[in-house]
1. Considering each of 38, 25 in turn, give the residue that is touching a Ser or Thr at 6+ places or on another chain (Cβ under 7 Å) and part of a strand (DSSP E or B).
2. Within the range 113-152, which residues are assigned to a strand (DSSP E or B), among the hydroxyl-bearing types (Ser, Thr, Tyr) and either surrounded by fewer than 16 Cβ atoms within 10 Å (Cβ to Cβ) or at pLDDT below 95 (or both)?
3. Among residues belonging to the range 148-168 that are aliphatic (A, V, I, L, M) and out of contact with any Gly (no Cβ under 9 Å at 6 or more places or on another chain), point out the one that is nearest to residue 138 (Cα to Cα).
4. Identify the single condition in (1) of a type in the set (A, V, I, L, M, F, W, C); (2) closer than 14 Å to residue 132 by Cα; (3) touching a residue at least 60 places away in the same chain (Cβ under 8 Å); (4) open to solvent by less than 20 Å² (accessible area, probe 1.4 Å) that residue 15 does not satisfy, given that it satisfies every other one.
5. For the structure I just gave you, tell me whether residue 141 is in contact with a Phe, Trp or Tyr (Cβ under 9 Å, 6 or more places away or on another chain), closer than 20 Å to residue 24 by Cβ and acidic (Asp, Glu).
Amino acid sequence: DTVGIDVDFPTLAVAKTVTSGAEFAEAFIGSSFGWRIAVTNSASIAGAFDVDVSDTLPVNWNYDAGSAQLCTPACVALVDPVLGGSLAAGVTLDWSDVTDTAAGASFEIRYTATPSAAVLADPGVGSSTDHVNTATATGDDASGASSNLDGSYGASPDTAAGRIHQIDLELDKEI
């Protein structure tokens, strides 16, 4: 007789969008702009435990303290992330042990960030200049391991973008 065993491990995926759910949207210097990070565990049996989420803001954007929410689907306040990196390289937002995620389940982190005036120089403005935000997630299996022989349970990075349009305006006044 032969006995087969199906082994299942957490399989995390990230979908990064702007608040509207689109891949990009218009942003304004000095105004809060909404971002979403959806994390899904597509495993058929295995839960993902102690899921960590990391997000890198576009260059010269600031995280809006107190804006984070965890939605599962109801939204509740989420502790602010640990901030790293720099404005010039992109501030990193790190949430540790956000939640456990059952097989087939998902959660979403929503927050806002604000582009500073420094975006005028880097990365620039205009309808073709993307201000790219990148997110990823990692988690553990039931044993506490973050990977198996096939690799990490972590999600591949996903991106979304804000665009800050530029206005060319000239005013001539004659008296």
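1. Checking each option against the conditions leaves just 38.
2. 147, 152
3. The residue in question is 149.
4. Of the numbered conditions (1) of a type in the set (A, V, I, L, M, F, W, C); (2) closer than 14 Å to residue 132 by Cα; (3) touching a residue at least 60 places away in the same chain (Cβ under 8 Å); (4) open to solvent by less than 20 Å² (accessible area, probe 1.4 Å), the odd one out for residue 15 is (4).
5. no
The values are calculated or read from the model by the stated rules, or taken from the named source; none is laboratory data. None of these values were measured; they are calculated from a predicted model. So basically every Cβ, Gly included, is an ideal-geometry build from the backbone, and we count neighbours across all protein chains shown. Note: accessible area is taken over every heavy atom of the protein model, side chains too, but ligands, DNA and RNA are not part of it. Shrake-Rupley method; radii C 1.70, N 1.55, O 1.52, S 1.80 Å.
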